[in-house]
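All remarks here apply to the structure that follows.
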C-alpha cells in the first residue's frame with residue numbers, strides 16, 4: 001500500500017469519526033430525550049395514546065436494531081469502494097507527469113471507470129433497503 005492510499009484511508013476514517021461524534025451522536029441523544037419528555041407529558045394527559053406511541057417507538061427501535069448488521073455491512077462495502085476510488089484519484093494526480101509522458105491515460109481511464117462502477121454498484125446495493133421502505137410509504141393511509 002502506498003503512502004497516498006494510506007493517507008486517504010486515515011483521512012476518511014478520521015472524518016467518519018468526527019461525523020459520528022459531532023452529528024450522529026448528539027442527534028440520537030436529543031431525539032431520545034425528546035421522545036422521553038413528550039411521552040412523559042402525554043402520560044399525564046392520555047395514558048392510552050402514550051402507550052400506543054410508546055409501542056410504535058419500540059417497534060421502530062426493534063427494527064433499527066435488527067437491521068443494523070445488514071446496514072453496517074452494506075455501508076462498509078460502499079466506504080471501501082469510495083476509499084478505493086479516492087486512492088485511485090490520488091495515484092492519478094501524483095503520477096500525472098508520468099502518465100502524460102508515457103501515454104498511460106487510457107489505462108487510468110479504464111481503471112477509474114472500473115472504480116466508479118464498483119462504487120455505484122455498492123451504493124445501489126446499500127440503497128435497496130431504503131428503496132423498499134420508501135416503496136412501503138406509498139401504502140400509508
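Rule-based calculations on the coordinates, nothing more; no lab input. Values in this document were obtained by computation on a predicted structure and should not be read as measured data. Here the Cβ is made from the backbone with ideal geometry for all residues, glycine too, and neighbour counts use every protein chain on show.
Numbers below:
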| quantity | calculated |
| --- | --- |
| Residues satisfying the stated conditions in the range 53-78, i.e. more than 30 Å from residue 119 (Cβ to Cβ) and exposed (fewer than 12 other Cβ atoms within 10 Å of the Cβ) | 55, 56, 58, 59, 60, 62 |
| From the options 6, 19, residue that is closer than 30 Å to residue 87 by Cα and more than 19 Å from the chain's Cα centre (by Cα) | 6 |
